[in-house]
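Comments concern the structure below.
What follows is calculated from the coordinates using simple rules that are stated; it is not laboratory data. Computed from a predicted model, the values in this text were never measured in an experiment. No Cβ is skipped: glycine too gets one built from the backbone with ideal geometry, and neighbour counts run over all protein chains shown.
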Amino acid sequence: MLAAASLVAQLVAGKATRDALFLTHFGLTLLPAAMIAAAFLSALSVLVMSRVLTRWGPARVVPATFALSAALFLVEWSLSLGSERATAIAVYAHTAVFGSAIGSAFWSMVNERFDPHEAKRLVGRITSGGTIGGVVGGLLVWRASAHISVPMMLALLATMSVVGLWGSLRTGRSTRRAKPRRIATGDGFGVLGATPYLRDLAMLVAAGAVVQALLDWLLSAHASHRYGQGQELLGFFAFFNVVVGVLSFAAQAGLTRFVLERRGLAGTIRLQPLAVAAAVALALAFPLFWPVLVLRVVEGVTRSSLYRSAYELLYTPLPAVEKRAAKTLIDVGVDRVGTALGSGALFVVARLAPLELQTRLALLGVLAMTGAAWLVAGRLRKGYVAALASSLKSGAVSLDDDAEDATTRQTLAETTALLERDELLLRIERRASGRADAARRGARGPTPSPDSARAPLGELGILLDPSDEVLARAAALRSGDPAAVKRALAAPLLPTLAPFVVPLLADDAVVRDVVRSLRKAAPRIEGMLLDHLLDPDVDPRVRRRIPRILKVCRTQRAAAGLLSALRDPVFEVRTQIAVALAQLVDEPAIALDRDAVLDAALRELTVGRAGWTRSRDDDAESAEASAPRPDRPTSSRRPDAEAAAVRRGLGHVFGLLGLVLEREPLSIAYRALRSEDAGLRGTAIEYVEVVLPPAVRDALVPLLGDVASAPRKTDRGTEELAAELLRSRGEPSAAPDGRG
């Protein structure tokens, strides 16, 4: 904040001194030529600045630039003792080359210091510091203009640069500690040409530069006509900057954060050309000094508060190599090109008379450029989201080795991870089923003979025909004997037998065979499966396994039924539905109702949260955890278990959101929340805040801290991992109370 304050104070005071010196000794006629020459010098200097920033980084370049600027102000002050006309030219060139370059490099330093989410929270404070600096700089010049000459202001500007040097050194040291790695150099023009998002930013800056050039000339023309030359003109410019600074600070403190949260970055930027266009309409109706002054104040206030806060945040998700190479090129080079274009138009306008006609023509140019800026700003949100997603993907390599619970992998619905886990779960389930079969055989005695499957039917021979294969298989399916059930399922399943098979999904001993048999017949019994899934009276164990079968149907009907079933009262059923939908939605012929999915996610974050902590097989564990123990106070709870439940629920929510939003960045964002990299976590939170609708965002973001602060478990045994894997897929574990 101190560095920003000194920077803006110097820029405000320098601009007022520059304009007063030049207009006093050269008049208004040569002002467009001076603006074009300054733009040309800036275009040359920006090439050097871009390469220097890319190679050495803003943490080193910014303090060096402040030091050089302070030295040059002292040289110019010495020159003014002999020739004020030469000093006016030197100061104009100095402020043109260094003013915007220092500002752009300083904001590059801020962008590298903070991640996107942290930057959104803190950049407002830094911008407020700069706004206060603008007020202080304007007040100093305003009061000093009554007591010292214009050239003596150069010594005061040198002092401000020294303060900026100290502040940037402090900020630069913290930046180097936060970003110690060396970044390769890059070509600014190449980066700009290859990135549409940066090209949009460049067009936005160019349009704004044309507007500023036209408005600066208009204000100078009307001010010179009203106040003449010398110290009175300097006092006017100083007072004007004080007013802009005070109003900018008020807007920064009272509006900026609220507008950023409500309208987003692109929406906030679009407010600036809208406000300017409204003020242009007033000035066109009354092309006089005061309407022009109001227009220039509106443009300056909205640019210093709303526009600046949003614009600088647009760079935060970009890689440092692209940011360093392109940002100064855009902020200074493109800005000066826009200034040159506006000044070229002023060459024609300035030769017309009277002043009222000049004003109207310039205002029409301002109106055209604000319209262009409004249109370009409308494309920025898409580019910002894409940059955030790219930033998350580029950091995904560091997440690949992170310990991740199976529920997260499952609910994020990453296809490759699901396939690998299915193979592992198959092996675990085979072992569990083998142990269950052995236990039953030991309890029941010798294994029944193959013909024993017909025994129940034989007992009912009076009523049923033993030669009817369908009835024989139905009797076997109803026998309760796992061996007989498996033999009955060996042949292709007939739709007439499906009602006898679906309830067997609750039988852990035969569930694998049941799932395999039902999947083969699923396209013919799709409606019956959906009826069972949507019936709350059906055993929850059956309902949570039906999505594993329905996902093979690959039809719009199956997807619509699964989507309707997301209202199921059992959390484990809902998670399985989300996994099935994640695989169905990849089919080109299947489309999900976006609003329905977002409503399901919002419902999960509100009324559904109660079910996160009541998983089907955690009841006994929770009872044991809450029981009094000698080594633990009775009133203590299990925060780790509660945090795990929140992570499980949020994993499911992210899986739902991935059905209608870009899945890969969401998956990476959820894993990034558990990363040790604070910058990556901030980027993930910012991505989530940007892509989600307000209602879902407001319900989700407060819970993200539970994921970010959750401890990682790295010492779990294979039995615990196996049990967790089974739970993540909806399989039963050996709960003491016999419930799976």
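Explain nothing, just the number: dipole magnitude of segment 526-615 about its Cα centre with +1 on each Lys and Arg Cβ and -1 on each Asp and Glu Cβ, in debye rounded to the nearest 20. Intermediate values should be presented prior to the final figure.
Details: 14 positive and 13 negative charges, 62 e Å.
That gives a dipole near 300 debye.
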*To two decimal places, what compactness ratio does segment 547-617 give when its Cα radius of gyration is scaled by 2.2 N^0.38 Å?*
1.10
_Selected from Ile525, Thr555, Ala475, residue furthest toward positive end of dipole (segment 465-564; charges at beta carbon)_ = Thr555
*List Thr87, Thr54, Thr29, Thr613 from most exposed to least, where exposure is judged by having the fewest other Cβ atoms within 10 Å.*
Thr29, Thr613, Thr87, Thr54
*In what sequence do His652, His222 fall when counting other Cβ within 10 Å, fewest first?*
His222, His652
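Beyond 20 Å, what share of the Cα-Cα pairs of segment 245-321 is found? Please give it as a whole percent. Can you show the working numbers first?
Numbers: 1088 of 2926 pairs.
Value for segment 245-321 (Cα pairs over 20 Å): 37 percent.
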*Taking the Cβ-Cβ separation of Thr159 and Leu352 as r and a Förster radius of 45 Å, what is the calculated FRET efficiency to the nearest 0.05?*
0.60
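Out of the trypsin sites (Lys or Arg not before Pro) in segment 251-352, which ones are loop residues according to DSSP with at most 10 other C-beta atoms within 10 Å? Display every interim value, and only then the final one.
Values: sites: Arg257, Arg262, Arg263, Arg270, Arg296, Arg303, Arg308, Lys323, Arg324, Lys327, Arg336, Arg351; in loops: Arg351.
Here the trypsin sites (Lys or Arg not before Pro) that fit, given the DSSP loop and packing criteria, are Arg351.
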_As a test of understanding, state the convex hull volume per residue of segment 286-369 from its alpha carbons, in Å³._
96 Å³
*Euclidean distance of C-alpha centroids, segment 306-357 and segment 58-102, integer Å*: 21 Å
*Can you sort Leu41, Leu704 by how many other beta carbons sit within 10 Å, fewest first?*
Leu41, Leu704
